[in-house]
Amino acid sequence: MRIDVKALTHWVIYKGYRVRFTQRSAAAVAGILTTPDGGELAFTYDPATCTVRVPGESIRINDFGWELEHLRDETIAK
C-alpha cells in the first residue's frame, strides 16, 4: 500500500523546497527538505492528519497543500 503524498508535494512546490524521501511506511513518510537558500530540514509527513513535522513545529495542510495551522513544539519554545 502506497501513501498518497499529493498534498505534501503541492506544499513542497509552494514553499520552493526540494524533497528527498528517506523512509516510507504504510503510516508515514520521512525525508529531507532542502530550502531555497540551501538549508536542510528533516521532516515526517502523516497523511492521515495531513501534518508535516519539521524541527520545532508541526504544520497541518489541506488536500491542496495550503497551510491551515502551525503548531510550535512547546519543548523547543522553552
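Bear in mind that the values in this text are calculations on the coordinates, not laboratory data. These numbers come from a predicted model, not from an experiment. Cβ sites come from the backbone with ideal geometry, for glycine too, and all protein chains shown count toward neighbours.
Across region 36-50, computed HN-Hα scalar couplings (Karplus, 6.51 cos²θ - 1.76 cosθ + 1.60, θ = phi - 60°) run x, 8, x, x, 10, 10, 6, 9, 10, 10, 9, x, 5, 10, 6 Hz from first to last residue, x flagging Gly and Pro. Counting charges near residue 11 (Lys, Arg +1; Asp, Glu -1) among other residues having Cβ under 11 Å from its Cβ returns a value of +1. The modelled label-to-label distance for the pair residue 24/residue 54, using points 7 Å beyond Cα in the direction of Cβ, is 2.3 nm. Neighbours of residue 36 by Cβ distance under 10 Å: Lys/Arg scored +1, Asp/Glu scored -1, total +1.
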